[in-house]
1. Under 6 Å between Cβ atoms, which residue pairs at least 6 apart in sequence (or on different chains) link something in the stretch 242-253 that is in the same structural domain as ILE228 (by TED's automatic domain parsing) and of a type in the set (Gly, Ala, Ser) with a partner that is outside any helix (DSSP H, G or I) and surrounded by 13 or more Cβ atoms within 10 Å (Cβ to Cβ)?
2. Being among the hydrophobic types (A, V, I, L, M, F, W, C), within 18 Å of ARG197 (Cβ to Cβ) and in contact (Cβ under 8 Å) with a residue 24 or more places away in the chain: is that true of ILE118 here?
3. Which residues, taken from the stretch 139-177, are among the β-branched types (Val, Ile, Thr) and outside any loop (DSSP other than H, G, I, E, B)?
4. How many of the residues in the stretch 55-82 are part of a loop (DSSP other than H, G, I, E, B) and either free of Cβ contacts under 8 Å to residues at least 40 places away in the same chain or touching a Lys or Arg at 6+ places or on another chain (Cβ under 6 Å) (or both)?
5. Step by step: first the residues of the stretch 100-130, then only those that are among the polar types (S, T, N, Q) and touching a helix residue (DSSP H, G or I) at 6+ places or on another chain (Cβ under 7 Å), then the one that is farthest from ARG79 (Cα to Cα). Which residue is that?
6. Does VAL106 satisfy the criteria of being under 20 Å from ALA194 (Cβ atoms), surrounded by 14 or more Cβ atoms within 10 Å (Cβ to Cβ) and within 23 Å of the chain's Cα centre (by Cα)?
7. How many residues does the stretch 127-138 hold that are within 18 Å of ASP109 (Cβ to Cβ) and in a loop (DSSP other than H, G, I, E, B)?
Amino acid sequence: MTEHVNISTHNACVDFPIFDAKSRSMKKAFLGKAGGAIGRNSSDVVVVEALKDITMTLKEGDRVGLVGHNGAGKSTLLRLLSGIYEPTRGSATIRGRVAPVFDLGVGMDPEISGYENIIIRGLFLGQTRKQMLAKMDEIADFTELGDYLDMPLRTYSTGMRVRIAMGVVTSIDPEILLLDEGIGAVDAEFMKKARVRLQKLVERSGILVFASHSNEFLAQLCNSAMWIDHGQIRMQGDIEDVVRAYEGDDAAEHVRHVIKEMERENTL
């Protein structure tokens, strides 16, 4: 891991212009999907302010969990940090090799086999074919899919596809890991196994930014949290404190319990 890995944003804003915003209902429909606030830019074009004045500094070892309701801006922030979106105003500087994992199904082809999809998914995440071939047996064992890996992906259930995606994602060595929710369409026993691999993946990565609705996952994978609300950072700091402010005492108590349980397991 290189020492230069870091993320720095200063008053970063991301605006989405709406060029045909004559009708109020259309604006409402768009706002419902995108979140953020509606305003006008300097060219008098109606815009949705998806992110506003985001200032943050992350260094190697930081594991940040993003909390907030759907449409609050969590996924937009991950896309800003990955370089998919550029700030409309302000700045965002990302140093390090980024592995964005936004949708476990992206980069998979239903017409080809599980084995071939393992390679394609790896290429999508910046790996070489040679690297993926070297990891193939280990990933195949992890998925527990056996002969199904020779079958076209269209014959798979959602849970089986998630197993392949999880196997590939957790085999890489990213400097900056940007992880969006969408993990969970698998049975509990497999999830327990996947969680161990996820934790090891997080340990290998320099920086983690993880958007999730699961406080349990946040407590297990992160060492701090950030509450995103209407495109702005409402609060950042200790996971328990942030979850308490966002969801209340019961949720914070659950986070505390999960952290204590992990500490107990680590000392065994």
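1. Matching pairs, first to second residue: ALA245/MET235.
2. Spelling it out, ILE118 is indeed among the hydrophobic types (A, V, I, L, M, F, W, C), within 18 Å of ARG197 (Cβ to Cβ) and in contact (Cβ under 8 Å) with a residue 24 or more places away in the chain.
3. ILE139, THR143, THR155, THR158, VAL162, ILE164, VAL168, VAL169, ILE176
4. 3
5. Residue satisfying both the conditions and the ranking: SER113.
6. No.
7. Summing the residues that are within 18 Å of ASP109 (Cβ to Cβ) and in a loop (DSSP other than H, G, I, E, B) in the stretch 127-138 gives 1.
So that you can scan it fast, the table gives a plain yes or no per residue for (1) in contact with a Pro (Cβ under 7 Å, 6 or more places away or on another chain); (2) modelled with pLDDT of 90 or more; (3) surrounded by 17 or more Cβ atoms within 10 Å (Cβ to Cβ); (4) at positive phi:
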{"residue": "MET56", "(1), (2), (3), (4)": "no, yes, yes, no"}
{"residue": "GLY61", "(1), (2), (3), (4)": "no, yes, no, yes"}
{"residue": "GLY65", "(1), (2), (3), (4)": "no, yes, yes, no"}
{"residue": "HIS69", "(1), (2), (3), (4)": "no, yes, no, no"}
{"residue": "ALA72", "(1), (2), (3), (4)": "no, yes, yes, no"}
{"residue": "SER75", "(1), (2), (3), (4)": "no, yes, yes, no"}
{"residue": "SER82", "(1), (2), (3), (4)": "yes, yes, yes, no"}
{"residue": "ALA92", "(1), (2), (3), (4)": "no, yes, yes, no"}
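The values are calculated or read from the model by the stated rules, or taken from the named source; none is laboratory data. Quick caveat: nothing in here was measured; it's all calculated off a predicted structure. Counting neighbours? That spans all protein chains shown, and the Cβs are built from the backbone with ideal geometry, glycine included.
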